[in-house]
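The values are calculated or read from the model by the stated rules, or taken from the named source; none is laboratory data. Remember, it's a predicted structure, so these values are computed and weren't measured experimentally. Neighbour counts run over all protein chains shown; Cβ positions are idealised from the backbone, glycine included. Just so you know, the surface numbers come from the protein's heavy atoms only, side chains and all, with ligands and any DNA or RNA stripped out. Shrake-Rupley method; radii C 1.70, N 1.55, O 1.52, S 1.80 Å.
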Amino acid sequence: MKFTKMHGIGHDYVYVNCFSERVENPVEAAIIVSDRHFGIGSDGLILIKPSDVADFKMEMYNEDGSLGAMCGNGIRCVAKYVYDYGLTRNTSISIETGSGIKYLELTVENDRVKCVRVNMGEPILKAADIPVLARKETLISEPILVAGEQYSMTCVSMGNPHAVVPVEDPAALEIEKIGPKFENHPMFPDRINTEFIRVLDRDNIQMRVWERGSGETLACGTGACATTVACILNGWVNRKVTVHLRGGDLQIEWNETDNKVYMTGPATIVFDGEIDLSNFSK
C-alpha cells in the first residue's frame, strides 16, 4: 500500500490515495499504521476517495481503528494532498466527510498549498444531538463530576462531540489520567473529545486535547473550533481568535452573519512510502 504521511500542526495521519490504491480492511490498517513502534506512527488513517456528492471524499479512522466523522487538521491535509499531487487544479474544493460536505479555500504559493481555510459549518449545541445525556437542552459552563473532582464544561459538536473544560494550567495537567475518565464518562454515549483550555486574553486561547480513540494529540481542528464556540458562548473571547495548541496555532472565527465556524491553518507533507500490510496479519 502506497501512502503519504502528513500532519496539520503535529496532528499526523497516514493518507492513502484510493483513486489508485485499495485498502481491504481499513480498521486493521489503521491500527497497524498508527503504531509508533512497529508501524508508521500516526494518530490514524485517512482514505482519500471519489465522491458522488463532492469533489473528494475523506474517510478517517482513529488510532484504535474506530471510524471518525470529521477531522479539522486531517481535512486540510486532504486539500493539500489533492492539489499538490495533481488530483485537482482548483483552489476552491468540496470534501465529503462523515459529518457532511465541507468547503475549503486553498492558499497556493510556488504551486504548493501553504494553508487552507475550511468552512466547518454551524456548531451543534443541543445536548441530545452532540450527544450528551442531560436534562438541559444546552450545556454551557455545566458542572460535571469526574474521578471525584468537579469541573465545568461547555459541550459542542462540530460533527463530532466535544467537552470544553477550563483549567488553571493546561500544560501542567496530567491529561493521560483525566482524559480517559472524560472520554468514557457515562454522560457521553458516543464517548467525547475533551479540550482542556485556558483563556489568555480576548484573542488567544491555550488548549490541550484528549481525543476519543487516539488519546492526547498535538492538535485537533474540530476541537479548536468547539473551544472557540464555547468561549464565545461564555463571553470570554472575541469572534475571531488564535488557538494555541501543542503542535502550533490555528485561526478560528465564528461568523455572526452565517453562524458558521471557519478554521485556517497549515498542512505539511512529511514523506511518501510503501508498506506491506500482510507482514502484520495475525
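Take the residues of segment 130-177 that are in a loop (DSSP other than H, G, I, E, B) and surrounded by 19 or more Cβ atoms within 10 Å (Cβ to Cβ): which is farthest from the chain's Cα centre (by Cα)? It comes out as LEU139. Selection of segment 232-254 for residues being under 17 Å from ILE75 (Cα atoms) and either open to solvent by 50 Å² or more (accessible area, probe 1.4 Å) or assigned to a loop (DSSP other than H, G, I, E, B) (or both) yields GLY247, ASP249, GLN251. Listed by first and then second residue, the pairs with beta-carbon distance under 6 Å, at least 6 apart or on different chains, first residue in segment 258-282 and in a strand (DSSP E or B), second among the hydroxyl-bearing types (Ser, Thr, Tyr) and surrounded by 12 or more Cβ atoms within 10 Å (Cβ to Cβ), are ASP272/THR4. Can we say VAL229 is modelled with pLDDT of 95 or more, open to solvent by less than 10 Å² (accessible area, probe 1.4 Å) and of a type outside the set (Ser, Thr, Tyr)? Taking the combined requirement at face value, the residue satisfies it. For segment 33-80, taking the residues that are in a helix (DSSP H, G or I) and in contact with a Leu (Cβ under 6 Å, 6 or more places away or on another chain), the one that is surrounded by the most Cβ atoms within 10 Å (Cβ to Cβ) is identified as ALA79.
Evaluate segment 230-251: report whether one residue or more is more than 22 Å from GLU105 (Cβ to Cβ) and of a type in the set (Phe, Trp, Tyr). The answer is yes; a qualifying residue exists.
Do we have any residue at all in segment 194-212 that's in contact with a Phe, Trp or Tyr (Cβ under 6 Å, 6 or more places away or on another chain), part of a strand (DSSP E or B) and of a type in the set (S, T, N, Q)? Yes, the conditions are met somewhere in segment 194-212. Give me the pairs, please: first residue somewhere in segment 17-37 and within 27 Å of THR88 (Cα to Cα), second residue anywhere and among the β-branched types (Val, Ile, Thr) and surrounded by 12 or more Cβ atoms within 10 Å (Cβ to Cβ), beta-carbon distance under 7 Å, and either six or more positions apart or on two chains. From segment 17-37, the pairs are ASN17/ILE48; CYS18/ILE48; VAL23/VAL16; ALA29/VAL23; VAL33/VAL14; VAL33/ILE40; VAL33/ILE275. Within segment 89-98, the presence of at least one residue that is under 27 Å from ASP190 (Cα atoms) and either open to solvent by 20 Å² or more (accessible area, probe 1.4 Å) or not in a strand (DSSP E or B) (or both) is confirmed. Looking only at residues of segment 102-129 that are open to solvent by 20 Å² or more (accessible area, probe 1.4 Å) and under 15 Å from the mean Cα position of the chain (by Cα), we find that the one that is nearest to ALA163 (Cα to Cα) is ASN119.
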